[in-house]
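A.B. asks: I am attaching a structure below and will ask some questions about it afterwards.
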Amino acid sequence: MTRSLLSAADLDRDEATALLDAAVRMHAVQSREVKKLPPLRGRTIVNLFFEDSTRTRSSFEIAGKWLSADVINVSAKGSSVSKGESLRDTALTVAAMGVDLLVVRHGSSGAVQRVASWVACPVVNAGDGTHEHPTQALLDAYTLRGRLGELADRHVAIVGDIAHSRVARSNVLLLQTLGARVTLVAPPTLLPAGVGGWPCETDWDLDATLSGKAHGDVDAVMMLRVQRERMTGGYFPTEREYAAGYGLSPQRLDLLDEDVPVLHPGPMNRGLEISSAAADGPRSVVLEQVQAGVAVRMAVLYRMLAGAAEGAA
Amino acid sequence: MTTLVLRGARPLGGPATDVRIESGVIAELGRGLAGDDVLDADGLVLLPGLVDLHTHLREPGREDAETVATGSAAAARGGFTAVHAMANTSPVADSAEIVEQVARRGAAAGLVDVRPVGAVSRGLAGEQLAEIATMARSQAQVRVFSDDGLCVADARLMRRALEYVKPFDAVIAQHAQDPRLADGNACAHEGELSGRLGLPGWPSVAEESIVARDVMLARHTGSRLHVCHVSSAATVDVLRWAKARGIAVTAEVTPHHLLLTEDLLSTYDPVFKVNPPLRPSEDVQALREALADGTIDAVATDHAPHAAHDKDHAFADAAFGMLGLETALGVVAEAMVHTGLLDWTGVADRMSLRPARIARLSGQGRPIRVGEPANLTVVDPSSSVVVDPARFASRSRNTPFAGRALPARVVSTIYLGRMTVRDGALLQPVGAS
């Protein structure tokens with residue numbers, strides 16, 4: 001396993017599979033009455049979050065605590081540029097406290113890579129700007145594996161604001177590594193520049209994609225959050241028109257087989273990108289994703305801290 | 001008055017000659033000349049002193065990053081004898097008081113001719129004209145006006161500015177960036193790489209569309225337009241079209257846009273963050289060809305010093321800009337001379353003669369002949385030197401060329417007949433002014 005986990009592309013197929021397998025074992029802990037395992041006792045993990053987050057930060061915190069690490073949350077929101085402190089100073093200051101691993105989230109793409117280049121400890125990217133969110137891709141793959149089995153040759157449609165989504169970027173990379181096929185669906189304004197060069201297909205037509213007519217049968221659908229601010233940026237005119245074109249409505253659900261899982265990284269905009277029928281219906285695996293998040297992050301922390309020590313022993 | 005003799009120098013790379021310099025002018029050309037001070041320039045190329053149309057000296061306001069004095073020293077080490085100090089200081093150079101102060105500081109440093117650029121709009125706000133006539137008539141005699149760093153985006157203001165400078169034969173230097181197509185967050189060439197890296201895209205069309213509009217405004221007003229830091233192949237097409245129709249447009253390209261490409265952004269190292277952004281290699285090739293055929297008139301450094309703490313951020317949060325003065329000649333040698341696109345006559349034209357003409361700067365960019373002001377640069381055309389920012393005279397270190405070997409180096413610079421740099425070293429310590 002690489003020293004830091006900055007991008008889903010850091011994982012080859014064997015490493016990704018090993019992590020997902022380890023997460024299965026970690027997942028079993030969640031149903032125990034006593035959930036704590038001892039392997040990271042005495043190790044210190046800092047969640048250094050420059051951007052607000054509830055679910056990802058809690059997920060990393062629980063994962064670290066269930067492995068008996070000391071987990072400290074540092075909210076550095078607004079610390080850097082606005083207070084005049086450089087990112088480098090913030091990172092070095094926190095790392096100097098004797099941290100064994102940093103979990104970093106930042107609103108700017110590439111910020112976590114920069115932090116990793118300055119500090120001596122391993123770094124996990126918990127989301128950097130509109131770039132990547134590799135543990136989200138791992139938990140999505142974990143959830144998909146639980147429903148679909150092996151992911152090779154499976155077809156996943158990712159729908160929504162691809163251009164501004166770190167979830168989409170990490171998922172395209174990891175799903176490709178695992179041998180799955182991806183189709184990205186969005187209006188042209190919400191597809192990233194140069195997406196034609198990505199290892200996936202793209203489409204503007206959600207109905208043609210979900211029905212299987214455009215790119216073959218769909219085995220899973222991942223709906224992405226669409227921020228309402230995108231309207232003021234002119235990416236689409238109204239919520240109504242977006243929902244009509246790209247929302248997972250009850251009618252569109254009917255295009256899917258009954259066993260096709262529907263994923264959403266949260267938080268959901270009900271009525272915009274996803275209807276309540278889709279979010280709460282039998283295809284929805286949204287809460288499974290949250291559970292998977294803890295298991296996958298336990299596996300990542302374990303392999304980066306304890307796994308490395310075992311390898312050296 | 002001492003006389004200085006350059007022995008065996010090759011003007012514009014031509015046959016070797018001695019050059020005797022006396023009382024600030026070239027007194028004699030020929031072999032076997034004698035003087036009080038002799039510089040052995042055997043085999044070295046002699047150029048007219050380089051003229052930079054686009055320099056950020058950061059004074060007043062950010063003296064921690066650069067001052068007029070340290071920037072002058074960096075310019076001299078880079079072979080320059082004149083620089084144009086951009087107006088985006090704090091306070092903005094939008095009044096006679098500020099431009100005169102910058103000019104005085106430059107004269108006090110005495111290393112290069114420091115020519116202040118005046119702002120086009122008051123406070124660079126893009127709303128009302130700055131006091132252009134007052135600046136033009138001031139002791140600083142401003143002839144170049146620019147809101148550089150920001151685009152004069154409003155078409156009416158741009159039209160008025162072009163018209164208003166006519167009595168002074170001045171030029172409006174436009175930072176071409178439509179702020180609606182590329183706002184202040186845009187920091188990476190919009191394309192596959194920016195999409196993959198998740199960096200806000202800066203599409204070339206944001207430059208091209210403004211240049212297209214502005215050449216039409218220049219045609220309509222009959223005024224002089226200068227386009228700063230051209231970065232895209234399609235901008236070159238627009239310039240070529242305009243020049244073919246006799247429109248009074250000139251343009252510059254930076255050394256870094258002649259050599260570096262967007263792929264350097266993949267590490268997210270903000271030393272490569274610059275505005276306009278580094279572009280793909282096809283653009284670089286088009287820019288080189290345009291500079292070679294004269295569609296682009298000049299190389300201008302866009303020397304942009306920044307304190308380290310303004311670069312030690314995430315890419316999107318770091319300051320725009322890179323140093324240029326002390327590496328410009330070496331970069332141009334690599335991108336243009338070693339590729340056969342320009343000879344040394346061409347380098348002199350694009351880095352001295354034409355920039356001086358665009359800025360209406362007398363006494364700079366002159367032919368190397370008897371009676372001309374002795375503003376000269378001595379270049380070793382075959383000495384590869386590794387760029388070491390620790391040796392820079394600039395107060396900042398944000399060079400994208402650190403550790404890179406460049407194939408030519410400035411040996412000496414002569415400003416107003418006096419040597420300012422000898423064998424790469426400044427001849428006088430920089431004052432605190």
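What follows draws every value from the coordinates through simple rules; no lab data is involved. Just so it is clear, the structure is predicted and the values come from calculations on it, not from any experiment. No Cβ is skipped: glycine too gets one built from the backbone with ideal geometry, and neighbour counts run over all protein chains shown.
A.B. asks: Check the straight Cα-Cα distances from B:Lys273 and name the aspartates and glutamates below 16 Å, setting aside those fewer than 8 residues away within the same chain.
C.D. replies: Straight-line reach from B:Lys273, under 16 Å: B:Asp183, B:Glu190, B:Glu262, B:Asp263, B:Asp302, B:Asp310, B:Asp312, B:Asp317.
A.B. asks: Taking neighbour Cβ counts within 10 Å as the exposure measure, how do B:Thr70, B:Thr413 sort from fewest upward?
C.D. replies: So the ranking, lowest neighbour count to highest, is B:Thr70, B:Thr413.
A.B. asks: How big is the charge dipole of segment A:134-289 about its Cα centre, in debye rounded to the nearest 20, if each Lys and Arg gets +1 on its Cβ and each Asp and Glu gets -1 on its Cβ?
C.D. replies: The dipole of segment A:134-289 has a size of about 460 debye.
A.B. asks: Springs between alpha-carbon atoms under 10 Å, Gaussian network over chain A: tell me which of A:Glu61, A:Glu15, A:Glu33 tops the mean-square fluctuations.
C.D. replies: Maximum among the listed residues: A:Glu33.
A.B. asks: Classify segment B:112-215 as rounded, prolate or oblate, taking a ≥ b ≥ c as the square roots of the eigenvalues of its Cα gyration tensor: rounded when a/c is under 1.5, otherwise prolate if a/b is larger than b/c and oblate if not.
C.D. replies: prolate
A.B. asks: Relative to the Cα centre, what is the charge dipole magnitude of segment B:194-352, using +1 at the beta carbon of each Lys and Arg, -1 at the beta carbon of each Asp and Glu, and rounding to the nearest 20 debye?
C.D. replies: With Lys and Arg at +1 and Asp and Glu at -1, about 540 debye.
A.B. asks: Right, next: Name the residue farthest towards the positive end of the dipole of chain B from the options B:Ala356, B:Val211, B:Ser72, assuming +1 on Cβ of Lys and Arg, -1 on Cβ of Asp and Glu, about the Cα centre.
C.D. replies: Selected residue: B:Ala356.
A.B. asks: Over segment B:49-359, what is the percentage of antiparallel beta bridges among all DSSP beta bridges, to the nearest 5?
C.D. replies: Taking every DSSP beta bridge within segment B:49-359, about 5 percent pair in antiparallel fashion.
A.B. asks: With charges only on Cβ, +1 for K and R and -1 for D and E, what is the dipole size of segment A:132-200 about its Cα centre, in debye, rounded to 20?
C.D. replies: Computed about the Cα centre, the dipole is about 60 debye.
A.B. asks: How shielded is A:184-192 by partner chains, expressed as the average number of their Cβ atoms within 10 Å of its Cβ atoms?
C.D. replies: Mean shielding count: 1.
A.B. asks: Ok, one more. Using the Cα gyration tensor of segment A:134-289, with a ≥ b ≥ c the square roots of its eigenvalues, what is the shape: rounded (a/c below 1.5), prolate (a/b larger than b/c) or oblate (neither)?
C.D. replies: rounded
A.B. asks: A further question on this structure: Would you calculate a helix-derived [θ] at 222 nm for the protein assembly as shown, using -39,500 (n - 2.57) for each DSSP H run of n ≥ 4 and dividing by the full residue count, to the nearest 500?
C.D. replies: Per the formula, -9500 deg cm²/dmol.
A.B. asks: Sticking with this one: What is chain B's relative contact order, in percent, from Cα pairs under 8 angstrom and six or more apart in sequence?
C.D. replies: 20 percent
A.B. asks: Restricting to bridges with both residues inside the protein assembly as shown, how much of the DSSP beta-bridge set is antiparallel, in percent to the nearest 5?
C.D. replies: Counting only bridges with both partners in the protein assembly as shown, antiparallel ones make up about 30 percent.
A.B. asks: Looking at the square roots a ≥ b ≥ c of the eigenvalues of the Cα gyration tensor of segment A:85-136, which shape do they give, rounded for a/c under 1.5, prolate if a/b is larger than b/c, or oblate?
C.D. replies: It comes out oblate by the Cα gyration axes.
A.B. asks: Once the mean 1/r over all distinct Cα pairs of chain A is inverted, what Kirkwood radius in angstroms do you read off?
C.D. replies: 19.9 Å
A.B. asks: Follow-up. Rg (Å, one decimal) plus Dmax (Å, integer) for the alpha carbons of chain B?
C.D. replies: Rg, Dmax (Cα atoms, Å): 20.4, 63.
A.B. asks: Continuing with the same structure: Dividing the convex hull volume of the Cα atoms of segment A:228-288 by its residue count, what figure in Å³ per residue is obtained?
C.D. replies: 80 Å³
A.B. asks: If I take every Cα pair under 8 Å that is 6 or more residues apart in segment B:327-413, average their sequence separation and divide by the length, what percent do I get for the relative contact order?
C.D. replies: After rounding, I find 34 percent.
A.B. asks: Over all directions, how big on average is the projection of the convex hull of the alpha-carbon atoms in the protein assembly as shown, in square nanometres?
C.D. replies: 35.1 nm²
A.B. asks: Something else: What order do you get for A:Met268, A:Met26 when you list them from fewest to most C-beta neighbours inside 10 Å?
C.D. replies: Ordered by Cβ neighbours within 10 Å, fewest first: A:Met268, A:Met26.
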